[in-house]
Structure formats: C-alpha cells, structure tokens
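Okay, so here's the structure we're looking at.
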Amino acid sequence: MATEAAGPGGGAAIARRLLGGWKALIVPALLLLAWHLAIAAGMSRLIPSPAEVARYMVDFAVGGIWDDAFSATLHIHLFASMGRVYGGFALAALVAVPLGLLIGRNDSVRALLDPFLQMMRPIPVTAWLPLSMILFGLGPRSAFFLVFLGAFYPILLNTTFGVRSVDRRLFEAASMLGCTGSAQFFRVVLPASLPSIFTGLRLGLGLAWFVIVVGEMTGVPQGLGAVIMDGRTLSRTELVICGMIVIGIAGFLSDRCVVAVMNRLLRWSPSHVA
Amino acid sequence: MSSRMEEIPILELRGVGKTYALNGARIEALAGASLVVRKGEFVCLIGASGCGKSTLLRIVAGFEPPSAGEALMWSKPIAGPAPDRGMVFQDYGLFPWLTVRQNIGFGPSARGLHRDRIAETVARFIDMVGLARFADAFPHQLSGGMKQRVAIARVLANDADIVLMDEPFGALDAMTRERLQDDLLDIWKSTGLTVIFVTHSIEEAILLADRVVVMEPGPGRIAGEYRVELPRPRDVASPEFNAVRRELGARLHSHHARKTT
C-alpha cells in the first residue's frame, strides 16, 4: 500500500530517495510480519490479517471484490476529510500567524490575550466536541471547527515564540541601517520568525489530521473518521484499519509538502536544510 | 591628515554618563566622558572590561540614551540610531536570511533607493571588501572574517559618516585579523571615513589609530588620550612601534596600578 510519491528532482535525487527509503521500510515490514504471524497463530480472531486488510483496501479504493456500501468510496471519504483538514488548517494559519506576530510584537495585545489563550489551550479538542455540535450543528461544520481549534494553538504559540526570540542584535543592526519602527516588521520580524512559524505549521497540520477523526465521529456521512466509526459500529475491523492507514499516509504526505516548502523558504538556515 | 583634523567636530561628547538600575542597585557604567572626534579621524578606545568603552559606543550609535551629559553629532543631539552612524558588531549581526548581496543592500533598500542604484552600490562595496565570489552566499556559509567584511561593507554601502566598531576582529584568528586590519586601513584611507574602534589590544590600537583614548573601570571613564604620531603604513615589528607600545602599555598599567592602590 505504501505508494511512494516521487518528489521533484533529478533521477539521482529519486534514486537517493529510494535508497534512503529502503531503510525506512524495515520497521513497518517487521511490524507487518509480526502482525501476520500473530494472526496466523490465532492470537486474536477479532483482528484481520494484513492480507485481508490489503484485499479490503483494494476493494475500498477501486471496488470489484465485495461491492458493498464502502467499495470504491476511498476517494470520496479522503477528499471529504482533506477538505476539512486543509480548510480548517488554512483558516487556523490565517488567524494564528498574524495573531501570533501581533502578540509577540505588541506588549498590550499580549497582556490582553495571552493569559486568556493560555487558559484555553489546555482544554482538549475532544472536550469541545459537544459544544461545537451545539454551536455549529451536527455535521461537517463542527468537524471543520475542531480541526481549526486543533491546528490553531501550535501555530499561534510557535509564531509568538518565534517573534519573541528574534535576536535583539538584528533590531539594532536594522535600525542603524535606517530601518526603524514598523518597517522592521516585514524586514526583520517576519523573516527571523519564519523557522518557528514553520514548526508551528507542521505541528498544526499534524494535529489537524489527528483531530479529524474526532470531528467526523458523529453526524458526518463522509470522511475517514466517519469510515472508522462506521467500521466500529459494524464490527468491521478491516475497515477501521484501512481508515487508519489512509489517514497515516495522507498526514505523512501533507507533512512532506510543508517540509518541501519550508526547505525552499528556509534554505538560509543551516538547521532547516533537511 | 592634519588638514582633516582642523575641521569642525563630527562628534562631540560632553560629560556623558550612563547609569543602569540592576535589581534596585545603581550601576554607573560610564561617568563624565568628554571626547571630540573630527572628520576623518581614526580613534581607538582601549581599556579593561567594564571601563565603559562599549557603553560609550552604544550611546554614540544611539542604541542607548545617555543618563547624563550630551552626545552631539554634527552639533545636534543624538536621538536614536541612524544610518550616518554605522555599527560593526563583534558578533557580526548579519541577517541570516539574506545573501551577502542582500545584506549589503539592506540599508539602501530600507531607505527606498532605486533598484539600479542599490545594485550599483552593492556591487561597488562587494568588490571593495573582496567578496565578489560570495555575493550570493548566505552568512552561515561564510567564515568569520568574511562575515565581518560583509558587516563593514554593509555600513559603507549605507553612506555612514562614522563607522563604530565594537571589538570587530576580537573573534577572528590572528592571520585573518591582520588581513582585515590592513584592508580596513586601506578603506579608511581611500574613503576619508571617520572610525571609532573599540579594542582591548594595545597593538591593534597603535596599528590603526590616529589617537588612542584610554579608558578605565569603576566607574567607566576616559582616563587620558594618546596621539600616535607614527607614520603610516606602520610596521608592527619596528623599534619605533615597540617604543610606542611600551609607552602606552606603561600608561595603561599605571592607571590600573593607581586604581588598585
């Protein structure tokens, strides 16, 4: 199932990637083997074997094996979840990055908002579920809100941290070169805090995929979280595992995309060239 | 050189002092410092740590207001940092996300100059500090000496009248330091720049300065001045140089001795 997405780059880069990827596959392969052996030895009758899951995954993706309600619906669920994950994430980034810059830069905004946000932060996203269903109704809008909430705090906190930890020397250097006041915002603050902002975006996107299952657990007909919940209700563990695998891969590939953008924008930073 | 020194002072400090509050205690970092610097002069500030030489430089740069006295640039009070006073920091202070070219162009670009003007200025100063091959490198790809060349070019490209240098070569190895000292003198000679240079090396001060200002701690203050009359280029190994070094060393030493007794 591990479909390797070939990234941009020459043939040598792809070859190097595949060679590097070879090592990354050892642990998953061993786990698959252990899983297979455990099932073959009859350790659990409730969990399907890897081969069964693989067969079900094919049916889930393209159909033609069982032809039930879930056959050939993977793309529908995947796109439904992706829409909420990227939508909620994008909205979170759009709000949290400017807000974080503001909190980090402006003392009165920080005094006004920081204590409140710090108090709200420890509340788990799952605890918001009932309230969000009342506020946004049973369905996709609630899931969207939870994703937004999950991605919001890591982006906000890392952005604020990035702004707060800009080397004072750089402000001095900018001001003696004639760049003072608000002009420093785009010329110093923003570029200097970009590494932290990207750390926040990566964490936020990861959490968005994490939260989507919770968000889609109730009242959502389509989505990977809904598939997992349906699988649970119907005692179809293979469906649950398929949903888990798809989320894992989708989350991984999303992260790779952010990392690719990050490596491009942060090529000046020795610690970010990965 | 002497004709330069008869012009009106570019910089004048009158009884400048700086007091910090640290955990309720008042710390006097600098007291009653008076100094006149004329256009084109190369002045070195020398003294042990805690003598207020960096504080004095930061007041001239406008990073900190004096708590007593007056700091005047072209007879006007210094109110904050400005491009006419360029600072070269010991730790470079380069913008890590900008290339060498962009770092040197930072000032002209911040002042809104036209792209062509910026490119022209930058090219000139990249050549002047000998970094043409590294124009598109990022700071983390450069050696310490190269970074300091960028920092110097950056303030020159911004038309600084005075270059303030806070132990700029202190973190460099001896060979690189010698090369940069020579290059700095060449630039100073060809541009008619005014330089205030903080160092704790007597040799460096004598090699570079028209005038050495000796400072001492507790509280930080100016203890005296020493005019270096040696002709340029100066030879560190010559007997004349050694004589000056001995004399200035004795002065510094006597200040310290007087302080401790």
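Checked across the stretch B:194-208, the condition of being under 21 Å from B:Asp127 (Cα atoms), at pLDDT below 95 and of a type outside the set (Ser, Thr, Tyr) holds for no residue. Residues that are over 13 Å from B:Gly93 (Cβ atoms) and open to solvent by 20 Å² or more (accessible area, probe 1.4 Å) within the stretch B:145-166 comprise B:Met146, B:Arg149, B:Asp159, B:Asp161, listed in sequence order.
Of all residues in the stretch A:244-274, which are free of Cβ contacts under 8 Å to residues at least 60 places away in the same chain, within 30 Å of A:His36 (Cα to Cα) and not hydrophobic (A, V, I, L, M, F, W, C)? Scanning the stretch A:244-274 gives A:Gly248, A:Gly251, A:Asp255.
Here the condition is being of a type in the set (Val, Ile, Thr), open to solvent by less than 50 Å² (accessible area, probe 1.4 Å) and not in a strand (DSSP E or B); of B:Val212, B:Val244, it holds for B:Val244 alone.
When A:His36, A:His75 are checked against the criterion of being free of Cβ contacts under 8 Å to residues at least 24 places away in the same chain and either touching a Pro at 6+ places or on another chain (Cβ under 6 Å) or outside any helix (DSSP H, G or I) (or both), a single residue qualifies: A:His36. Scan the stretch B:139-148 and give yes if some residue there is among the polar types (S, T, N, Q), out of contact with any strand residue (DSSP E or B) (no Cβ under 9 Å at 6 or more places or on another chain) and either more than 23 Å from A:Ser182 (Cα to Cα) or at pLDDT below 95 (or both), otherwise no. Yes, the stretch B:139-148 contains at least one residue that is among the polar types (S, T, N, Q), out of contact with any strand residue (DSSP E or B) (no Cβ under 9 Å at 6 or more places or on another chain) and either more than 23 Å from A:Ser182 (Cα to Cα) or at pLDDT below 95 (or both). Regarding the stretch A:80-103, can at least one residue be identified that is within 20 Å of A:Leu253 (Cα to Cα), among the polar types (S, T, N, Q) and either touching a Lys or Arg at 6+ places or on another chain (Cβ under 7 Å) or open to solvent by less than 70 Å² (accessible area, probe 1.4 Å) (or both)? Yes, the stretch A:80-103 contains at least one residue that is within 20 Å of A:Leu253 (Cα to Cα), among the polar types (S, T, N, Q) and either touching a Lys or Arg at 6+ places or on another chain (Cβ under 7 Å) or open to solvent by less than 70 Å² (accessible area, probe 1.4 Å) (or both).
State whether the residues of the stretch B:98-109 include one that is facing chain A (nearest Cβ under 10 Å), among the small types (Gly, Ala, Ser) and open to solvent by 30 Å² or more (accessible area, probe 1.4 Å). The answer is yes, given that some residue of the stretch B:98-109 is facing chain A (nearest Cβ under 10 Å), among the small types (Gly, Ala, Ser) and open to solvent by 30 Å² or more (accessible area, probe 1.4 Å). If you go through the stretch B:8-55 and keep only what is among the basic types (Lys, Arg) and closer than 29 Å to B:Leu185 by Cα, you end up with B:Arg14, B:Arg38, B:Lys39, B:Lys53.
Looking only at the stretch B:168-180, residues that are part of a loop (DSSP other than H, G, I, E, B), away from chain A (no Cβ under 14 Å) and either among the acidic types (Asp, Glu) or open to solvent by less than 10 Å² (accessible area, probe 1.4 Å) (or both) come to 2 in all. Answer yes if at least one residue in the stretch B:88-111 is without any contact (Cβ under 8 Å) to a residue 40 or more places away in the chain, aromatic (Phe, Trp, Tyr) and more than 15 Å from A:Ser175 (Cβ to Cβ), and no otherwise. No - not one qualifying residue is present in the stretch B:88-111.
For the subset of the stretch B:98-124 comprising residues that are of a type in the set (S, T, N, Q) and assigned to a helix (DSSP H, G or I), which member is nearest to B:Leu156 (Cα to Cα)? Checking each candidate, the answer is B:Thr121.
Going by what's in this entry, would B:Leu142 be described as of a type outside the set (Lys, Arg), crowded, with 17+ Cβ neighbours inside 10 Å and more than 24 Å from B:Val60 (Cα to Cα)?
yes
Here B:Gly80, B:Gly86, B:Gly112, B:Gly40 are screened, and the one residue that is within 17 Å of the chain's Cα centre (by Cα) and within 14 Å of another protein chain (Cβ to nearest Cβ) is B:Gly86. The lone criterion from (1) touching a residue at least 40 places away in the same chain (Cβ under 8 Å); (2) open to solvent by 30 Å² or more (accessible area, probe 1.4 Å) left unmet by B:Asp235 is number (1).
The values are calculated or read from the model by the stated rules, or taken from the named source; none is laboratory data. This structure is a prediction, so every number in the text was calculated from the model and none was measured. Positions of Cβ are backbone-derived with ideal geometry, glycine not excepted, and every protein chain shown enters the neighbour counts. Quick note on the areas: whole protein, heavy atoms, side chains included, nothing else; ligands and nucleic acids left out. Shrake-Rupley method; radii C 1.70, N 1.55, O 1.52, S 1.80 Å.
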